[in-house]
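Working notes, beginning with the structure itself.
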Amino acid sequence: PLELEIGGKLRALIDAGLFVMSPTLLAWIEAQKIYPGRPLTIISISSGNIGEAREVQTQGSTAGSIPKVLQPTIETALEGQQALADLMMRDLPGIKYHRLSFEVKNKVFDDVSPENIKTLQEAAQKTITTSDFKSVVDDIVAAVRERKEKLKQNPQDFTPYICAAKEEFKKNTDLRLSP
């Protein structure tokens, strides 16, 4: 958890993954409020998935016990939440949505061993050679070209994007990381 002082009160912030495994849909909702009517390209990047099936103990004295069932149940619920968010994003009209996902051997995020770093580098290399990744890059390039063309055609009407909500938040909130 990260301790953060917000509005004079010390708050403990934890990973919101249990509440919203994929914040993509929430980001889309906020973008609609801030930039109504603008075309969007949304890129969701996975933290990786373990490609192999998990074993669940179904027999014996500890089968069905809370420790044996809880973790697979939570993982399944979170994966389902992610799959549902992806499905919903793909069906939204007027956006380009990409989900980049890759297989990892280890989901221990603080493992900085040379072996784990090597496997992460291999996963990244494999990911950037996929057609999905090429499609993401193509959409980003197309969006940048379109923006530059609009700037050339009418620089007065195409001011840089300014997020009004972000400016208002900065004005009204004093955020300081606690030591």
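The values are calculated or read from the model by the stated rules, or taken from the named source; none is laboratory data. Because the structure is a prediction, the values reported are computed rather than measured. Every residue, glycine among them, receives a Cβ derived from its backbone with ideal geometry; neighbour counts consider all protein chains shown. Just the protein is used for accessible areas: all its heavy atoms, side chains included, with ligands, DNA and RNA removed. Shrake-Rupley method; radii C 1.70, N 1.55, O 1.52, S 1.80 Å.
Some values worked out for this structure:
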item	result
Meets criteria (in contact with a strand residue (DSSP E or B) (Cβ under 9 Å, 6 or more places away or on another chain), modelled with pLDDT of 75 or more, over 19 Å from residue 32 (Cα atoms) and among the β-branched types (Val, Ile, Thr)) for residue 130	yes
Scan of the range 1-33 for residues that are part of a helix (DSSP H, G or I) and either in contact with an Asp or Glu (Cβ under 9 Å, 6 or more places away or on another chain) or modelled with pLDDT of 80 or more (or both), ordered by number	24, 25, 26, 27, 28, 29, 30, 31, 32, 33
Yes/no for residue 124 being at pLDDT below 90, over 28 Å from residue 75 (Cα atoms) and open to solvent by less than 60 Å² (accessible area, probe 1.4 Å)	no
Positions within the range 65-114 being open to solvent by 100 Å² or more (accessible area, probe 1.4 Å), of a type in the set (Asp, Glu) and closer than 16 Å to residue 46 by Cβ, in sequence order	103
